[in-house]
Each structure stands twice: as structure tokens, then as C-alpha cells.
Amino acid sequence: MILDALSVGLLLAGCFFFLAGTVGLLRFPDVYCRLHALTKADNLGLQLVVLGLVLRSDNPFTAGKLILIWGLALAASATIAHLVANLAQREGHSPWTR
Amino acid sequence: MNAPLFLAGAAALLPLAIYGLAARRHLVSKLIALNIAASAVFLALLAGAPPAPEGAADPVPQALALTGIVISVSITAFALSLLRRLVDERGRVDLADGDDME
Amino acid sequence: MDAISLVVDVLLVGMTVLAALAAVASRDVFRAVAFFIVFGALMALIWLRLSAPDVALAEAAVGAGLTGVLMLETLGRIRRASDVEPVRERPRHPAFAAAGALALVGASAAAAAVAMVLERAPEGLAPLVAGTPGPMENPVTAVLLDFRGYDTLLEIAVLLLAVIATMALYPRGRPSPAATTPLTRGPERGMLLGWFVRMLLPVGILVAGYLWWQGADAPGGAFQGGTVLAAVLILMLVTAVVELPSPRWLVTRLALAVGLLAFLAVAAIGLWASGAPLDHPSFAAKPLILALEAVLTLAIAACLAALVVGVPHVPPRRPSRDGA
């Protein structure tokens, strides 16, 4: 029961961060800020969702698979963000200033 | 399972894809339309099959759709390499003749 | 509960049709491909809603993943290769669009009618598959490799044919900037990408092996495992972590053809043991199918990778020896 409540809470918190990340992606002014929103907020959201699902999983194998997926997504998003930022810099997009 | 809903989805996707196939000139766009048409057919195949007793989808159309997905990717890949060759030979990505463009 | 699932399904189908519409209607091809990838991901969710996890796995890996990568790769190469004449799309035509919309509505109505008819159909082929004794617990794998082996055999043949046809488009010595311009080399290939790809290799092998083994009695199988392996291979090849193997090497050709060869060998064993091709002898049916699936996983990975990465430029032979 407590576990269920905790898991639902974590899932909802994860959804909130995904929403925040998406809003950032759509509203932020330049590539670098958008990457920031996408990687930071979405990774935290994914982490919370995975944690919420781990609490609900019925055996350790499912939990292990979920954690593996989380690790892969984390590594992939870090790499992609690096590549996109690198390309943007080489193509001469200067960071936004107020 | 809301089978009629998914069937309606398939029925919406197929004419959409045929429209794209006819209306777009960029060959990659045509290929996208072709792939959407294939997905629509697989969707009709699976949604149209009566559900199995345990609630899982009928394994025979599932196997057909799996086969179909691999065939689609093979055809798409071959078409894309034809396109690359076309770019090398003609420097263009469509098949317009030139005189039918006003 | 039913109301919730109806809402989810309506949203899902609606978003899928919208993504397809955006992919078809967009005049910017890059945008169209992006929407097509979104469409593929949504289709994978639809397969899950239809309780077809095997198809969902294949759609996510091939439909959304590989096909999208193929298209992006081609667009990138076309952009870099040479000056390509811009496409002049037809002017927008309201009458044409209206006719399309009308056809769409009509077809949907027809499908709804067909759905009503189909509702009265018997329970389908699943009990038949479940009731036929076979070595595979997963009914989809059973259909693919036990009952309808010919389909899968021909499927592998088509895949190999696509690879051969692609190679045939680029004869030896013919320079082809659109096909062979290397993509991700130079400064953009930082240390991070190399690290990521190297880290991915063992994980990819693990996942592919798991999907292959699991395919006997749960969702998974040779095609799903093969695409995962292909994805890792493609990443390694396009980031130049490993050199592109020449398609003229015997090893490369064997890796591409080994799936079809193994399938034919199994068909021959069936012919010898029980008088019908692909009729697996009962004493060794499961190990035979598992071994065949293992080989298929590798061959599918090689073929898909070859299709995406394309053919490296092979310099011409020394003059006047080439009869072809």
C-alpha cells in the first residue's frame, strides 16, 4: 500500500519533469538552452519514472532490465547532447545572451 | 480491445499514404508514404483478426506483419540506394521530366 | 477501466494519424522523416495495445529505428555529395485535398462496416497454433519457424536479394559520391561518441542474445535480436570505430549469406529426416530451430547493417583485366 503510493508519487513527479523538459524544449531561445532542458529535466523525469516502476516490478530481473534501460538512455542522451552542441558550435551558433 | 477503432485508424492511414505517394515529388517523401501504407495494411491485418482466447493477438497475422516489416525495410533500403545512384547520375531527387512543370 | 483504455486508444490512433499526416504533407523532407520516425514509435505503441509485443519490438527497431536512420543517412549523403537540383513540389490544390479527405472519410466508414462483419468471425487461428504440438512456446516464433517456415525462408532470401541488388548498383571502380561519402568522421567524432559506441557493443550483444534465447517461449526472436545487433554494428561503422569491411571479401559475403544457407541446410535436414523440407525431425526440433535462429540473428544483423551503411568505394582493378 505504502509502496503503491510511493510508486504513483514517483511516476507523477517523473511526468512533471518530462512536461517541464518539453516546455523548455519548445520555449527556450537557442540550441544550448534547449539541450539543457532536454537532457537535465528529461533525464531526471526518466529516473523518477524508472524508480517508480522498479518499486512496482514483481521480480529483480524486471527491475534490473529497467535500470539497464535507464543507464542506456542516460549515456545516449549525454552523447547526443554533446554531438548536437558540438555541431551547433562549429556551425557558428553563438549562445543566447539576454 | 477496441478493434473497430484501430481498423478505422488503418482506413485513415491508407488513403493518406496513397495521397502522399501521388502528390509528393521528392522520392524520399514517396518512400515515407509507401511505408505508411504498409503499416496501415499490417494494422488492418492485426486489428481485423479476431482476438485469441487468452487476449493475446492471433499469432498468424502477427507473424505475417513481422515478415512484412522486414520486407518493407529491405525494399526501402534498395529504393534508397537507387535514389543515391540517381543523385550521382542526374543530380536530382525526383522523377519530374522538366516539361510537365509549369 | 474500459473508458480509460478507450480514451488512451483514441488518443493513440489520433496522434498516429496526425503524425502520418504531418509526414506526408510536409514539404521539408527532413521534417517529413522526423515525423515518420514519430509515426513508427506510435505504431509500436499501437502494437502493444493490440497485445502483439513481437510486432511492437520489430516496429520499434526496424520501422521507426532502422528505416528512419536509412532515410536520414541518405538525406545527409545527398546533401553532402554534390549540388542537387531542388525539388519543385506541385502547387497546393484544394480540390485534390478535398477529394482526398472525402475518400478518407468514405474508407473509414467502409472499414467500420467491415469491422462489424468481422466481429462475428470465429476465434481465429490462435487455438489451432496453441493446439498443435511443437517445440516453441512463443506462438509467433512457432508460426515463423515451425508452421510457416517457407515464409521466413523467402523473407531471408528477399533481405539478401536487397543487399545484392544494392551492391550491384555500385560496380567496382565507379566513384559514387552519394553512396560512399563517409559521414561521421573528423572533429565531430569526439571521444565521447567513441566511448559510447564501444560501451554499447557488449550491451548490444547481451540484448541480442537475450532476445534470441527468449524468443523460444516469450516475445523476442531472431529478427528482434538481429535488429538490435544491426543497430550497434551500424553505429560502429558510421562512427568509424571499426573500418568498413569490403563487400568483396569472402568473410563479408559469408556473413551476409549465412542465414539463407543455414535455412536451406535445415530444409535439407527435414527432407532427409522426415521426407518434407523444413519439417523439423521431432527428436531435434528445438535445438535445430534455436541454432537456426542464432545464425539468422547474425545474418540479419549483417544484412541490415550492409543496407544502411552501403557499399564502400572499391578502387578499379588494374586496367583491362575486368571483362565485365
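The table below lists the values:
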{"item": "Over chain A: helical MRE at 222 nm, DSSP H runs n ≥ 4 each giving -39500 (n - 2.57), nearest 500", "result": "-27500 deg cm²/dmol"}
{"item": "FRET efficiency estimate (nearest 0.05) - Cβ-Cβ, C:Trp249 to A:Ala63, R0 51 angstrom", "result": "0.70"}
{"item": "Per-peptide average of other Cβ atoms within 10 Å, ordering A:15-24, C:61-70 highest first", "result": "C:61-70, A:15-24"}
{"item": "Efficiency of FRET from Cβ geometry, A:Ala73 and A:Leu3, R₀ 30 Å, rounded to 0.05", "result": "0.80"}
{"item": "Of B:Tyr19, B:Ser72, B:Leu7, farthest towards positive along the dipole that unit charges on Lys, Arg, Asp, Glu beta carbons give the range B:3-90", "result": "B:Tyr19"}
{"item": "Spherically averaged projected area in nm², based on the convex hull that wraps the Cα atoms of the range B:1-53", "result": "3.5 nm²"}
{"item": "Neighbouring partner chain Cβ atoms per residue of A:76-82, average, 10 Å criterion", "result": "3"}
{"item": "Between 0 and 90°, nearest 10: helix B:3-23 axis offset from chain B longest Cα axis", "result": "10 degrees"}
{"item": "Relative intensity, log₁₀ I(q)/I(0), of the range A:2-90 from a Debye sum that treats every alpha carbon as a point, q = 0.16, 0.21 Å⁻¹", "result": "-0.67, -0.96"}
{"item": "Gain upon complete extension [C:Leu6, C:Trp272; 0.36 nm per residue less C-alpha separation]", "result": "90.5 nm"}
{"item": "Cα gyration tensor, the range A:49-95 - rounded (a/c under 1.5), prolate or oblate", "result": "prolate"}
{"item": "Amide H within-cut-off set for B:Gly91, under 5 Å, with H built and near neighbours excluded", "result": "none"}
{"item": "Using a Förster distance of 35 Å, the FRET efficiency for C:Leu192-C:Ala291 (Cβ separation, nearest 0.05)", "result": "0.35"}
{"item": "C:Asn138 long-range amide H proximity, modeled H, under 5 Å", "result": "C:Asp217, C:Ala218"}
{"item": "Sequence ranges B:32-43, C:34-45, ranked by mean other-Cβ count within 10 angstrom, highest first", "result": "B:32-43, C:34-45"}
{"item": "Overall Cα dimensions of chain B - principal axes, largest extent first, Å", "result": "57, 27, 11"}
{"item": "3J(HN,Hα) from dihedral phi, the range A:36-44, Karplus parametrisation 6.51/-1.76/1.60, rounded to Hz, x for glycine, proline", "result": "4, 4, 5, 6, 5, 5, 5, 5, 5"}
{"item": "C:Met15 paired with A:Ser94, simple spin-label distance in nm, labels 7 Å along Cα-to-beta-carbon", "result": "3.9 nm"}
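Where a number appears in this text, it was derived from the coordinates with a stated rule and is not lab data. As the structure is a computational prediction, the values presented were derived from the model and not from experiment. When we count neighbours, we look across all protein chains shown, and the Cβ atoms used for this are built from the backbone with ideal geometry, even at glycine.
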